[in-house]
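Beneath this line is the structure, given in structure tokens, with notes to follow.
The values are calculated or read from the model by the stated rules, or taken from the named source; none is laboratory data. This structure is a prediction, so every number in the text was calculated from the model and none was measured. Each accessible area value is taken on the protein alone, full model and side chains, heavy atoms only, with ligands, DNA and RNA left out. Shrake-Rupley method; radii C 1.70, N 1.55, O 1.52, S 1.80 Å.
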Amino acid sequence: SFVPIISLSTLLSLISLAIFLTTADGSSFTEPHAHQGVVTPFQPGDPKVKLDGKAIGILKQGKPYQTQVQSGGSGRGLVVQDIDAPPSIVWGRILDYDNYSNMVPKTVESKNYNIEDMKPTKKDPLSKIIYTRMKVGFPVLKLEFFIKHLYYPSLNSLTWTLDYSKSSDFNDSCGYWYVIEHPESEDRTRVYYSVEVSLFDWVPKFVVDFMSTKALTDATAWVKKYSEMEFAKQGGLKKQTSSSSDGG
């Protein structure tokens with residue numbers, strides 16, 4: 001009979017996970033998180049990333065361009081992606097948290113549990129706070145976490161941290177979207193995305209690897225896919241085609 005071979009590190013991760021699952025309370029909607037944040041939150045606004053000829057060439061092929069941004073004393077991975085749909089449609093996908101389980105890889109549950117409408121000012125342009133309960137699924141493991149999203153339409157930005165009033169299966173998480181009209185077309189969008197996740201020691205290495213690398217490009221890929229699908233559904237591509245044929 002076939003006996004699967006697993007590495008020692010994977011075995012140790014699974015043993016640690018089994019011990020954790022039998023002894024820990026895990027995530028909780030009513031209990032606060034163990035701390036009020038250990039990673040530095042992102043600031044809204046232009047990331048001021050210079051795109052050279054090589055970067056533009058990658059974007060023109062429809063591929064994500066990966067680079068680094070400085071935060072505090074360290075660098076964070078950032079992905080830039082061009083999308084063939086206008087910013088309003090792109091924001092519609094990003095903010096559709098109740099529907100993430102149908103769009104976002106590894107997301108098995110997602111539901112808003114509170115939305116606060118703010119009164120933005122020039123000094124504090126925050127427009128909306130969206131609290132979302134999410135669950136991501138991997139083989140033998142599901143991780144639940146609670147996110148506090150800060151939406152700044154006037155700054156073309158959305159940032160987030162954990163909601164520290166609730167206990168999450170992530171040690172910490174913060175992230176950032178910057179969404180602008182494409183410099184060559186009002187019907188296209190350029191998005192900038194970054195995320196930093198701190199995971200507990202009991203989380204298996206394959207989950208850590210996914211969250212720290214593939215999650216970056218996966219995020220822009222699903223937004224591109226579903227934004228372009230929605231734009232096509234609304235007849236956007238047909239409008240472009242008919243307007244260009246009218247001009248010819």
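Data overview
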| quantity | calculated |
| --- | --- |
| Cα Rg over Rh - region 53-181, Kirkwood | 0.98 |
| Surface accessible to a 1.4 Å probe, per residue, for the residues of region 52-107, Å² | 46 |
| In Hz, Karplus ³J(HN,Hα) per residue of region 41-53 (6.51, -1.76, 1.60; θ = phi - 60°; x = Gly, Pro) | x, 6, 9, x, x, 4, x, 6, 9, 7, 9, 7, x |
| Restraint check, Lys135/Lys233; Lys111/Lys214; Lys60/Lys225; Lys111/Lys135; Lys148/Lys233, Cα-Cα greater than 21 Å | Lys135/Lys233; Lys111/Lys214; Lys148/Lys233 |
| Where Phe29, Phe146 fall by accessible area, highest first, once all protein chains stay in place (1.4 Å) | Phe29, Phe146 |
| Centroid-to-centroid separation of region 194-236 and region 102-148 [C-alpha atoms, Å] | 14 |
| Of every Cα-Cα pair in region 110-248, the percent that sits beyond 27 Å | 36 |
| Whole-percent pair-distance distribution, where bins are 5 Å wide, for the alpha carbons of region 40-88 | 4, 17, 25, 23, 17, 10, 3, 0 |
| Rg followed by Dmax, in Å, when region 154-219 is reduced to its Cα trace | 15.1, 47 |
| Carbon/sulfur fraction of accessible area - region 55-174, other protein chains in place, 1.4 Å, % | 49 |
